[in-house]
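Presented below is the structure to which this report refers.
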Amino acid sequence: MDNKLNYTEENEEREDGKLSYRTPIYLQLREIIRNRIEEGEYLPGTAIPSENKLAETYGINRLTVRNAVDALVNEGILRRVQGKGVFVVGDKYEENLDEHGGFVNVMSSGTKRVSIKEQAKIYRPAGNKYANYFNIEPDDLIFCVRHQITLDSEPLAIEDIYVPKDVLPKLEVVDSSVFTIKDIFAFYGIEISSMQQTMEIIDGTSKIKKLLDIPNGVALIMLSCDYWDNNGRAIAYSRSFIRSDRTSFTIQLHE
């Protein structure tokens, strides 16, 4: 990694790639990180290097690094996530949708007792089912992302998300347990024009029941969400299996 700083007008670029002492060090590091983001080295939805790594790279102390990072957090460019790191926040568009899509999207804005973990992320051929759904070829690749959601460290839900790889190729490097699929689409300029959610009460497969440690006699809530872009193309599909004994939903009707 090139350690040169693209200096603001009060600085001059150094050829040796080291920080200057003509301005506060944390301000210089702040601009280095900002430039890395603007140049696409640190992508929206991904974590920047740790404080220890940045301190080692630039030969400065962690407090200085933290001050630089905090400045960008306060600007809304970075977001701290406890236990996971500091992530780049991309640009977001304003939306007029009344409903929020997907169980993780709802949970991320709710109680802090909920923990979301990206358990798996793979891409695979769409196959006939998802080829028909996304109007692509069966051999075209789709991302399959699984989230494990816990409440007070107890299993609460499993969410699966499916996205064609050509729609959102950067999903491979984004941590979807930190940002919702709607956030990630917005970071990369993909506008969701409409969504539709459906809810069913189901018995569930033995595999899902085991993953959620469901007691006998407890039903599952299956919450599905379809996402379409401005051209009417299906761009994502999510399906959540939620323990009915630990969840309640509120529906508001608008005149």
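So the values come out like this:
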{"quantity": "Subset of segment 179-206 that is of a type in the set (Val, Ile, Thr), within 11 Å of the chain's Cα centre (by Cα) and at pLDDT 90 or above - its residue that is nearest to SER224 (Cα to Cα)", "calculated": "ILE181"}
{"quantity": "Qualifying position, being out of contact with any Asp or Glu (no Cβ under 8 Å at 6 or more places or on another chain) and on the phi < 0 side of the Ramachandran plot, among SER206, SER193", "calculated": "SER206"}
{"quantity": "Neighbours by Cβ (under 9 Å, 6+ apart or cross-chain): first from segment 38-63, within 23 Å of SER176 (Cβ to Cβ) and hydroxyl-bearing (Ser, Thr, Tyr); second open to solvent by 30 Å² or more (accessible area, probe 1.4 Å) and assigned to a loop (DSSP other than H, G, I, E, B)", "calculated": "TYR42/PRO49; THR46/VAL173; THR46/ASP175"}
{"quantity": "Residue selected from segment 209-243 under the condition open to solvent by less than 50 Å² (accessible area, probe 1.4 Å) and either assigned to a helix (DSSP H, G or I) or of a type in the set (S, T, N, Q) (or both), by the criterion farthest from GLN119 (Cα to Cα)", "calculated": "SER224"}
{"quantity": "Cross-chain or 6+ apart pairs with Cβ under 7 Å, segment 157-170 first and at positive phi, then among the β-branched types (Val, Ile, Thr) and open to solvent by 60 Å² or more (accessible area, probe 1.4 Å)", "calculated": "none"}
{"quantity": "Matching residues in segment 136-148 - criterion: being among the hydrophobic types (A, V, I, L, M, F, W, C) and more than 18 Å from LYS182 (Cα to Cα)", "calculated": "ILE136, LEU141"}
{"quantity": "Options GLY76, GLY90, GLY45, GLY101; residue that is in contact with a strand residue (DSSP E or B) (Cβ under 6 Å, 6 or more places away or on another chain), outside any helix (DSSP H, G or I) and modelled with pLDDT of 50 or more", "calculated": "GLY101"}
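Listed here are the residues, each with its yes/no results for (1) in contact (Cβ under 8 Å) with a residue 40 or more places away in the chain; (2) among the basic types (Lys, Arg).
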position: LYS182; (1), (2): yes, yes
position: PHE185; (1), (2): yes, no
position: ILE190; (1), (2): yes, no
position: ASP203; (1), (2): no, no
position: ILE208; (1), (2): yes, no
position: ASP213; (1), (2): yes, no
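The values are calculated or read from the model by the stated rules, or taken from the named source; none is laboratory data. Just so it is clear, the model here is predicted, and its values are computed rather than measured. Virtual Cβ from ideal backbone geometry, glycine too; neighbours counted across all protein chains shown. These area figures cover heavy atoms from the full protein model, side chains too; ligands, DNA and RNA do not enter into them. Shrake-Rupley method; radii C 1.70, N 1.55, O 1.52, S 1.80 Å.
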